[in-house]
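Just so it is clear, none of the values below were taken in a lab; they were calculated from the coordinates. Everything quoted here is computed from the prediction, not taken from an experiment. Here Cβ is always computed from backbone atoms with ideal geometry, including for glycine, and neighbour counts include all displayed protein chains.
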Amino acid sequence: MYNVVIPDRASKDLEKIDKKTQKIILLKIKEYSSNPFRYSIRLTDTRIGEYKFRIGKYRVIFDIDGENLVVLRIGHRKNIYKNI
């Protein structure tokens, strides 16, 4: 199991989402951290991160750093890739 690290930027992204969806996203991130490569998709454009989780209409962009799963961005699928 990887340690989940959520820096300030991803935390701010999460705060913009309604509370019910926040809980679902956090539960899924915790669940997926046991074997992230099984649930993730590698990004072709790695400027914002290496991997993504698809959680409903939301995307969680993250990197693996040793034993840490570092969440970089969390956002709706329409908007998450526009800030490149």
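With both partners inside the chain, how many of the DSSP beta bridges are antiparallel, as a percent to the nearest 5?
85 percent
Would you mind pulling out the separation of the Cα centroids of region 45-84 and region 16-44, in Å?
One Cα centre to the other: 9 Å.
Run through the chain and list the GluC sites (Glu not before Pro) located in a DSSP loop whose Cβ has at most 11 other Cβ atoms within 10 Å.
Numbers: sites: Glu15, Glu31, Glu50, Glu67; in loops: Glu50, Glu67.
In loop regions of the chain (DSSP not H, G, I, E or B), the sparsely surrounded GluC sites (Glu not before Pro) are Glu67.
Using R₀ = 22 Å, calculate the FRET efficiency as 1/(1 + (r/R₀)^6) where r is the Cβ-Cβ separation of Arg77 and Glu50; round to 0.05.
0.75
Would you mind checking which residues have amide H under 5 Å from Val5's amide H? H placed 1.01 Å from N; only 5 or more apart, or other chain.
Correct list: Leu69, Val70, Val71.
Show the residues, 5+ positions off or on another chain, whose built amide H is closer than 5 Å to the amide H of Leu43.
Tyr51, Lys52
Considering only the other residues whose Cβ falls under 10 Å of the Cβ of Leu72, what net charge follows from Lys and Arg at +1 and Asp and Glu at -1?
0
Going Cα to Cα from Lys20, which lysines come in below 24 Å? Please leave out same-chain ones fewer than 8 positions away.
Those lysines meeting the cut-off are Lys12, Lys28, Lys30, Lys52, Lys57, Lys78.
Taking θ as phi - 60°, what are the ³J(HN,Hα) couplings along region 29-39 by the Karplus curve (6.51, -1.76, 1.60), each to the nearest whole Hz, with x for Gly and Pro?
Coupling constants for region 29-39: 4, 5, 4, 6, 5, 5, 8, x, 6, 6, 9 Hz.
Restricting attention to region 1-70, which trypsin sites (Lys or Arg not before Pro) occupy a DSSP loop and are surrounded by at most 12 other Cβ atoms within 10 Å?
Numbers: sites: Arg9, Lys12, Lys16, Lys19, Lys20, Lys23, Lys28, Lys30, Arg38, Arg42, Arg47, Lys52, Arg54, Lys57, Arg59; in loops: Lys16, Arg47, Lys57.
Filter output for region 1-70: Lys16, Arg47, Lys57.
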